[in-house]
């Protein structure tokens, strides 16, 4: 409705708070699920029996479920709840389309549910934070596009001339997540729930951690900074400390963050220049990150007395403080000498959860406690219960992080300890480090239980808050001057300061944000696709054989089983060029070794030893017994048994299609090899089964999945040991 005043046309409007309510309730529900699964997998590391011998419930399948539930279900729904609520008020406009809002909500929940089911079933790409298979990748793209159209449509219809700082971070999030997701998810389907990435080896590693690190940046950082800039001043009833600092914080963060991905690949086969570039920008990232933290904390000037009594401010202040801690630790771990100690250890797990539970979790809880009474037009049921939630969550994080700090540093020191007298490893058996830290896994699980108990308190508090809300509430009507027609002159005439003028042109602002993100991305990624000397280095012998041979059809099937069971969540395949690693595992890894690996398997955590050189190290029977009962060959192992691999039939029906797709992607299979994929796989399966029988295994294993997995494991590192790789 529009009316005319002396100052121009005035429009009335209403907010759509129903969509914010739906996303808030989804946040609470999925938060409970994510934390419950987290406690489960933490307990499984303490006692392998808690895997229950059921494929759906093994650590390797539940761990991706936990990370996806925590990031995209819990944090994702929290982001949407906060964005839908704050955007309408900051722009003085109802969301562009109620239908798009509803489609976004139900589409996102459907993706979460189907993703949870498929991950438990073993349908996974095997790329960290991007495990969902191609149909769900397409669904994410469609739903995210609907969200973007809804958001930018609201921007165009706004009644507020300038864009508040929170909107800047929302814009950067929406644009960058779209770019990251589309580029990282490009793959070729094999079947409905199986695909292969178009990237391989070094290229896949660089793309994955460009995506993986910036999923942390633009899913778990920038949108939550937007929420911080909105909800912290609201809760404190104070203006943001510094508008200028907000400008510096935003533009430096979105430009620098995108460069930092390679710090996940230090001391790997990634080219040295890319590693160094990632390290430098990661260290630089400390400045804008702490600028944002300082801006948030100083917003509380004059309100510090309320922090002692107000649980909402407790959560928000602690969240911003954890953000500062995490963004100090990230650059620290990006320094090569520190990374050498911390990478692959539980230190990284502590760091990640400090950010996810402390920063994202506490900001979310503070937002929920502030938002729920306003959405349901009532008072919070119990301030004391909210305060109890804060202390339970805080103590839980302290126990969790401190135990994993001790565990991680213990692992790092033991792995690289060398006896100065003999020049040999002080702890040659990897299991020695595992046994030493098992008690710390129980401390971590205890911290997780405390955090989960806090979430349970919040659910009870919200349930009782909503229960006492009035049954019918009259929808409020607001009025504001119209900005239409949206001409540049109408938008920027009131303020000639450069950034204020830019805020009046949201589409220009969006394009500049995208450019800031794309500059670093292109500079890091494009050379890796052009530098064939290290990506495609695979010399051909005088005999005509390639130095690095493609996987046979059976080995490829075994690799797919390895990925399906989530073995990559506990094992790496990357021997770093250090004395301790080469003494423990053998010759360090080269780039050309993984040129046929889709996805790459360099790993990010060593709960078990590196497997890059495991091929031929043990007889086939050792691997057979290891999968049936790990403790039969490695006393003290915390790995769960996999009896279904001996029980389930080996399905080779897609072998020909898999090799054909790999050939399309550049793997040098001949037409004859593709056509004979299934028969050759069955022949190799019979050979593995025959060796197993000679060594003492049961008969009839040639049609079981175990033979394919053994074939793959026995292949790892063999080409290099034959002296054919550079």
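Any read-out appearing in this document is the output of simple, stated calculations on the displayed coordinates, not a laboratory observation. Source: prediction; values computed, not measured. With ideal geometry, Cβ positions are generated from the backbone for all residues, glycine too; neighbour counts draw on all protein chains shown.
When both segment 498-522 and segment 139-172 are represented by their alpha-carbon centers, they are found 14 Å apart. Quick check on segment 149-290: take the gyration tensor over C-alpha atoms, sort the square-rooted eigenvalues as a ≥ b ≥ c, and tell me if it's rounded (a/c under 1.5), prolate or oblate. Oblate, because a/c is 1.5 or more while a/b does not exceed b/c.
The long axis of helix 286-298 is offset from the longest Cα principal axis of the chain by roughly 40 degrees.
Take the Cα of residue 693, step 7 Å toward its Cβ, do the same at residue 431, and the gap between the two points is 3.0 nm.
Using a ≥ b ≥ c from the Cα gyration tensor of segment 553-721 (square roots of the eigenvalues), is it rounded, prolate or oblate, where a/c under 1.5 gives rounded and otherwise the larger of a/b and b/c decides, a/b for prolate? Spell out each step's value before the answer.
On the way: a/c = 1.80, a/b = 1.10, b/c = 1.63.
Verdict is oblate for segment 553-721.
Between the helical axis of 222-236 and the longest alpha-carbon principal axis of the chain there is an angle of about 40 degrees. Taking 0.36 nm per residue of separation and subtracting the Cα-Cα distance, full extension of the segment from residue 672 to residue 421 would add 84.8 nm. Computed per residue of the chain from DSSP H runs no shorter than four, each worth -39500 (n - 2.57), the mean residue ellipticity at 222 nm is -20000 deg cm²/dmol. Sort segment 267-380 into rounded, prolate or oblate with this rule: let a ≥ b ≥ c be the square roots of the eigenvalues of the Cα gyration tensor; rounded if a/c is under 1.5, and if a/c is not under 1.5, prolate when a/b is larger than b/c, oblate otherwise. Here segment 267-380 falls in the prolate category.
Given a Förster radius of 41 Å and the C-beta distance between residue 683 and residue 182 as r, what FRET efficiency does 1/(1 + (r/R0)^6) yield to the nearest 0.05? That gives a FRET efficiency of 0.50. Taking label positions 7 Å along the Cα-Cβ direction at both residue 89 and residue 301, the computed distance is 2.4 nm, reported to one decimal.
When 283, 526 are ordered from fewest to most other Cβ atoms inside 10 Å of their Cβ, what list results? Don't skip to the end; give the middle numbers.
Numbers: 283 17, 526 10.
So the ranking, lowest neighbour count to highest, is 526, 283.
Roughly what angle does helix 76-91 make with the longest principal axis of the chain, taking Cα atoms, 0 to 90 degrees, to the nearest 10? So the inclination is approximately 30 degrees.
The convex hull built on the alpha-carbon positions of the chain has an orientation-averaged projected area of 33.4 nm².
Spin-label model, residue 644/residue 110: points 7 Å from Cα along the beta carbon direction are separated by 2.7 nm. The slack in the chain from residue 328 to residue 280, taken as 0.36 nm per residue of separation less the alpha-carbon distance, amounts to 15.9 nm.
Compared with the direct C-alpha span, the chain from residue 657 to residue 121 gains 190.8 nm at full extension, assuming 0.36 nm per residue. Ordered by the number of other Cβ atoms lying within 10 Å of each residue's own Cβ, fewest first, 52, 430, 96, 362 fall into the sequence 52, 96, 430, 362.
Which of 639, 325 comes first, and how do the rest follow, when ranked by fewest Cβ neighbours within 10 Å?
Numbers: 639 22, 325 16.
Ascending Cβ contact count within 10 Å gives the list 325, 639.
The distance linking segment 255-293 with segment 40-115 is 28 Å (Cα centroid to Cα centroid, whole angstrom).
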